[in-house]
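One structure is given below, encoded as structure tokens.
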Amino acid sequence: MIDPALPPHMRPDKSFQGLILALHAFWADKGCVVLQPYDMEVGAGTFHPATTLRALGPLSWKAAYVQPSRRPKDGRYGENPNRLQHYYQYQVILKPSPANLQDLYLASLEAIGIDLRLHDVRFVEDDWESPTLGAWGLGWECWCDGMEVSQFTYFQQVAGFECAPVSGELTYGLERLAMYVQGVENVYDLNFNGRDGAEKVTYGDVFLQAEQEYSRHNFEHADTQMLFDQFRMAESAAAKYLEAGWSDDRKRHLMAQPAYDQCIKASHVFNLLDARGVISVTERQSYILRVRELAKACGAAWLATAAGGTPAT
Amino acid sequence: MIPEPIDVAMPDLLLELFCEEIPARMQAGAAENLRKLVTDALVDRGLVYEGAKAFVTPRRLALAVHGLPAHQPDTHEERKGPRVGAPEAAIQGFLKAAGLDTIEQATIESDPKKGEFYVARIHKHGRTTPEVIAEIVPEIIRAFPWPKSMRWGSGTLRWVRPLQSILCTFGPETEEPEVVRFEVDGLKSGDTTRGHRFLSSGEIRVRRLDDWMTKLEAAFVVADRDRRKDIILADAKDLALAQGLELVEDEGLLDEIAGLVEWPVVLMGSFDAGFLDVPDEVIRATIRINQKCFVLKDPKTGRLANRFILVSNLKASDGGKAIVAGNERVIRARLSDAKFFWDTDRRTNATVPLAERLAKFGNVTFHEKLGSQFERIERIAALAKALAPLVGASPGLAEQAALYAKSDLRTEVVGEFPEVQGLMGKYYARLEGLPEEIALAAEEHYKPQGPGDRVPAAPVSVAVALADKLDTLTGFWSIDEKPTGSKDPYALRRAALGVVRIVLDNGLRLKLSEFVEPDLLAFFADRLKVHLREQGARHDLVDAVFALPDQDDLLLVVKRVEALGRFLSSDDGRNLLAGAKRAANILRIEEKKDGVSYDGGVDLVLLHEPEERALAEAIAALGPKIETALAAEDFEGAMALMAGLRAPVDAFFEKVTVNAEDKALRANRLRLLADIRTATRTIADFDRIEG
């Protein structure tokens, strides 16, 4: 339940930022390291190395963070009240997945003001797969009164490797959740800072112009030649760093994360090219496979690092 | 007086596997699998039961087995051992295999051949049923056939979603049952379960099925899936009736919803009547697929009402107000999207000419090796035009309809709801003021989709439907993408069966060999066989007809099979079949032995016996008449004529010896048999008919 003493600019049901703060407080309380967003363009919170790479290997790991996510194709020039090409995901990863993960998730909903005696929360089958990351898992979309508010996944495989132990991943769609708890129909009407009158800042104040500009960019003007070049550059850089990072007779790797950055880069560039409509259906598959190959090689490299479970000698 | 039988209560088993939410679509199958696996394993171990029933909810899979014995029956086994005085190694091996401590425990028997040898008489007490259950249940859990399973935490056990607890009790109704103790990957069985996720808290101790059911019910769980379905359906109908509306029933949706709730609470919500501009099918698709809610119909207009039925899993403290409001918000957003798509499509269709819309298909690949969607549409249009005269359609209209038929694939509505493809084409064609034939063909050219689907009958629809399917089949055949085994990614079997049904239902005369290559024709023959078999026709009759040359007209094949079936159920037919098969058998043997074919050229001079002369004359007289009847496609007539051969054939076999001493005579008689074969083969290959 929400602390009634909290001022509106801190309350999850009165401000977008309050929602983030409440989730941070909740998960910090459960032992997570609260990280900041990864400083690169990604399509989902899963791409953050704190999830993709940390899900691999035997070591325990608990983290929570907000990840700005870019889906160039979902841009609607700011005209659709529900779709954005840039939005926020709140990501939690717990490894190994605790036995009470569902209860923890439900408690987090209560912490942001969803009364479980009033609202119908359901776990509806939804298997998750990321072809570009060579990853899949089983779980649910979590419904609150018929609206999907989160994705709940038990990772089975990442970067082509079996996950052992298994990580539990929770992804909250922050805008949707905020719209729900604030009772708002249009994402741009969300109260961002919880203030009233002249001091009030809405989600639209912060992001509407960006949505319009990036929609133009994503669909009409993104320099495709440059993007094709960038894809190739990222791909070859990843290969170079991967090769250079191997040591000790290829038993240990010294540069898994810089290589993985290039994999992320390639993935985002591919999404932009896809939005520009310059990749045909058949080519599409081969680009996805190329990114997956990078992800797999990065996963193999990560497993040969200390954080991936190969102790330093 | 007959004494009352003493009522010894047989013990019951209760097993409950409690886990995180099981996907709705897997629940019914899992319940059935659990019942079968456990009861089969019990019976295999000599434990016969009186009854068993499985239960499933989103969070539990349970089984009650009623009337089990308390232990396995005892067994006696005799095991023969080595002879007395055999080497020590053989004796020791025997003791080990028979489970004896010393050789004195074995008895000695003698046999006149073998002499004296050891025999172990092993008497095994049956194990108690709980022991057996404790052995089989963990095995079943570990190997449970989920369509998809997973690991969790640090464990290695696989289950559909994390398995949280196991309840397993055993005992007669009159006594306190015992907990069947076992462990699966650290999870220990016990006698507790949990109730509804939100409406109940803490563990619930359970003894057996009846208190499991009542305690769960008190903890807001309806364990029986069928009961949940009944509750949902009855409450939904009541709510609808109270508003003067009718529930649009949907068995698939009902099944799914029953798998999403443990405590169904049926509620009604509404949406802005302005959304009813959107076609009913689109509203229904939006509400059904995305929100898993039922729609309602106004019986006065026959159209959808602006209400929907949702089934929540919660008896909410505000009576469901917040839940309804939340669902209404989501449905409003979904319908806004649908209405936006519908309006956009209508605007586009009104302003952009069809040719321009079709040109966009040039950028869409149909299949890497089969070109773009645009090229495909052009092929279908040309084929529809060519087929039109054969199905009684106007070639121009058929071509136009084929060009239009796929145009809705690029519309916004179909992009969002692929299942309304075709239907939207029909609506859009009407809005564009196109002829009704074109509108109908847009919807009907996909038909028939499955065995229960309607077959198009309007000539233009038929032309486009055939062209669409034939183009798909010939296309994938040409790049060698044929269905193999269970793999049929392009649904080619369905396409071929669709052609078969369209041809037969409409009585179309179509020589398929003019449109498809021989290998594909054989594929059609297979589909026809499957189709006729499903309708009760004998597959051997179909084979017998397809064995004839040039059978590429499906309608004629079917007529011939039907006539043949009737003929063979008559006395004459059965006897002639026997005679023809006898002739064919003899010929097969003799032709193989002699290395020659006896086809053709009976020498009349060599016909000595009256019966063989009569047979030859009958064949000579009937042959041309049968041919005439066949040429006129009068299969009944041809068979009736063929019946005239029965008496001479019977008489021939009764009186005449085929394998005569005289070589010339024998050869001539074999040639006469070959004439029977030839004559009957004008109707069917009798050799392939069973019986």
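Cross-linked pairs B:Lys529/B:Lys625; B:Lys511/B:Lys581; B:Lys339/B:Lys426: Cα-Cα separations exceed 22 Å for B:Lys529/B:Lys625; B:Lys511/B:Lys581. A cut-off of 5 Å between modelled amide H atoms, ignoring neighbours fewer than 5 places along the same chain, links B:Ala305 with B:Leu296, B:Lys297, B:Asp298.
For the pair B:Ile103 and B:Glu135, what calculated FRET efficiency results from E = 1/(1 + (r/R0)^6), where r is the Cβ-Cβ distance and R0 = 25 Å, to the nearest 0.05? It would help to have the intermediate numbers written out before the result.
On the way: r = 31 Å, r/R0 = 1.26.
Plugging the Cβ-Cβ distance into 1/(1 + (r/R0)^6) gives 0.20.
For the stretch B:23-46 versus the stretch B:190-230, the inter-centroid distance based on Cα atoms is 20 Å.
What is the calculated FRET efficiency for A:Thr224 to B:Ile479, with r their C-beta to C-beta distance and R₀ = 30 Å, to the nearest 0.05? Intermediate values should be presented prior to the final figure.
Values: r = 31 Å, r/R0 = 1.04.
Step by step, r from the Cβ atoms, then E = 0.45.
Phi angles of the stretch B:576-593 translate, via the Karplus equation with coefficients 6.51, -1.76, 1.60 and θ = phi - 60°, into HN-Hα couplings of 5, 4, 4, x, 5, 5, 5, 4, 5, 5, 4, 4, 4, 5, 6, 5, 5, 5 Hz per residue; Gly and Pro are given as x. In this structure, A:Arg83 and B:Lys487 have a Cβ-Cβ separation that, at R0 = 35 Å, corresponds to a calculated FRET efficiency of about 0.40.
Given Cβ point charges of +1 (Lys, Arg) and -1 (Asp, Glu) and nothing else, what value in debye, to the nearest 20, does the dipole of the protein assembly as shown about its Cα centre take? Intermediate values should be presented prior to the final figure.
Values: 121 positive and 149 negative charges, 276 e Å.
I would put it at about 1320 debye.
With unit charges on the beta carbon (Lys/Arg positive, Asp/Glu negative), name the residue among A:Ser236, A:Gln225, A:Ala301 whose Cα is farthest towards the positive pole of the charge dipole of the stretch A:223-303. Result: A:Ala301, furthest along the dipole toward the positive end. Listed by chain and number, the lysines whose C-alpha is less than 18 Å from the C-alpha of B:Lys369, apart from same-chain residues fewer than 8 away, are B:Lys469, B:Lys482.
Over chain B, calculate the relative contact order: mean separation of alpha carbon pairs under 8 Å at least 6 apart, over the residue count, as a percent.
Dividing the mean separation by the residue count of chain B yields 7 percent.
Couplings for the stretch B:89-102, taken from phi via the Karplus curve 6.51 cos²θ - 1.76 cosθ + 1.60 with θ = phi - 60°, read 4, 5, 4, 4, x, 5, 4, 5, 5, 8, x, 9, 8, 10 Hz in order; Gly and Pro are left as x.
If a/c stays under 1.5 just call it rounded; otherwise compare a/b with b/c (prolate if a/b is bigger, oblate if not). Do that for the protein assembly as shown, with a ≥ b ≥ c from the square roots of the Cα gyration tensor eigenvalues. In terms of gyration-tensor shape, oblate. Per-residue Karplus couplings for the stretch B:505-519, computed as 6.51 cos²θ - 1.76 cosθ + 1.60 with θ equal to phi - 60°, are listed in order as 4, 9, x, 8, 9, 9, 8, 4, 5, 6, 10, 9, 6, x, 4 Hz, Gly and Pro entered as x.
State whether chain A is rounded, prolate or oblate according to the following rule on the C-alpha gyration tensor (a ≥ b ≥ c being the square roots of its eigenvalues): a/c under 1.5 gives rounded; otherwise a/b larger than b/c gives prolate, and the remaining case gives oblate. Cα axes put chain A in the oblate bin.
In this structure, the amide hydrogen of B:Gly392, modeled 1.01 Å from its nitrogen in the peptide plane, lies closer than 5 angstrom to no residue at least 5 positions away or on a different chain. The magnitude of the dipole of the stretch A:8-218, with charges of +1 and -1 set on the Cβ of Lys/Arg and Asp/Glu and taken from the Cα centre, is near 460 debye.
Cross-link candidates for B:Lys36: which lysines have Cα within less than 29 Å, leaving aside residues fewer than 8 places away along the same chain? Output for B:Lys36: B:Lys53, B:Lys124, B:Lys148, B:Lys188, B:Lys215, B:Lys229, B:Lys487. Helical runs (DSSP H, four residues minimum) scored at -39500 (n - 2.57) apiece and divided by the length of chain B put the mean residue ellipticity at 222 nm at -15500 deg cm²/dmol.
For peptide B:150-160, what's the mean number of Cβ atoms from other chains within 10 Å of each residue's Cβ?
What the average comes to for B:150-160 is 6.
Less than 5 angstrom separates the built amide H of B:Ala52 from those of B:His66, all sequence-distant by 5 or more or on a different chain. Take each residue of peptide A:88-99, count the partner chain Cβ atoms within 10 Å of its Cβ, and average: the result is 2.
Within the same chain, lysines fewer than 8 places from A:Lys14 are excluded, and of the rest, those with a Cα less than 18 Å from its Cα are A:Lys200.
Work out the length of the dipole vector of the stretch B:570-688 about its Cα centre, built from +1 on the beta-carbon of each Lys and Arg and -1 on the beta-carbon of each Asp and Glu, and round it to the nearest 20 debye.
It comes to approximately 380 debye.
Counting Cβ atoms of other protein chains within 10 Å of each residue's Cβ and taking the mean over peptide A:118-130 gives 6.
Computed from the coordinates by the stated procedures, all read-outs in this text should not be read as laboratory data. No experiment lies behind these values; they were computed from the predicted model shown. Methodologically, a virtual Cβ is constructed for each residue, glycine included, from the backbone with ideal geometry; neighbour enumeration extends over all protein chains shown.
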